[in-house]
1. Considering only protein heavy atoms, what per residue accessible area in square angstrom results for the chain with a 1.4 angstrom probe?
2. From the phi angles alone, apply the Karplus equation (6.51, -1.76, 1.60; θ = phi - 60°) to segment 62-68 and give each ³J(HN,Hα) in whole Hz, x where the residue is Gly or Pro.
3. Which residue, Gly55, Gly65, Gly33, tops the fluctuation ranking in a GNM of the chain built on C-alpha contacts under 10 Å?
4. Using only the Cα atoms of the chain, each taken as one equal point scatterer with no solvent, compute I(q) by the Debye sum, divide by I(0), and report log10 of the ratio at q = 0.26 Å⁻¹.
5. State the percentage of accessible surface on segment 25-73 attributable to carbon and sulfur atoms; use a 1.4 Å probe and exclude ligands, DNA and RNA.
6. Add -39500 (n - 2.57) for each DSSP H run of 4 or more in the chain, then divide by its residues: what number comes out at 222 nm, to the nearest 500 deg cm²/dmol?
7. Under 5 Å between amide hydrogens, which residues at least 5 positions from Thr67 or on another chain qualify, with H placed 1.01 Å from N in the peptide plane?
8. If you stretched the chain out fully between Thr67 and Ala44, how much longer would it get, using 0.36 nm times the residue separation minus the C-alpha to C-alpha distance?
Amino acid sequence: EKKVQKEVDLSSFRPEEKQVYALVKENGAIFQGDLIEKTEFSKARMTRIVDKLEGSGLVERKRRGMTNVVVLKED
């Protein structure tokens, strides 16, 4: 049974939010620290971006010790 990729409407998102979403999507799950490294955004900016994506139901944060893993949200 093939998993259907749901189309996500990113038109209302800023370019940096789309960039972060794309990174999470291609990795499936990624540490927030790795996202910061790859995008070179500040910690505060990354937190705001992940907050918005999380609020939109696209991603989910999972606590891992001192850091967060950002994963794509399953239906």
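The values are calculated or read from the model by the stated rules, or taken from the named source; none is laboratory data. Just so it is clear, the structure is predicted and the values come from calculations on it, not from any experiment. Ligands, DNA and RNA are stripped out before the accessible areas are found, and what is left, the full protein with its side chains, is counted by its heavy atoms. Shrake-Rupley method; radii C 1.70, N 1.55, O 1.52, S 1.80 Å.
1. Accessible surface, normalised per residue, equals 71 Å².
2. 10, 6, 9, x, 8, 10, 10
3. Comparing Gly55, Gly65, Gly33 in a Gaussian network model of the chain, the most mobile one is Gly65.
4. Result of the Debye calculation: -1.37.
5. About 48 percent, which is the carbon plus sulfur part of the accessible surface.
6. -14000 deg cm²/dmol
7. none
8. Extra length available between Thr67 and Ala44 comes to 6.9 nm.
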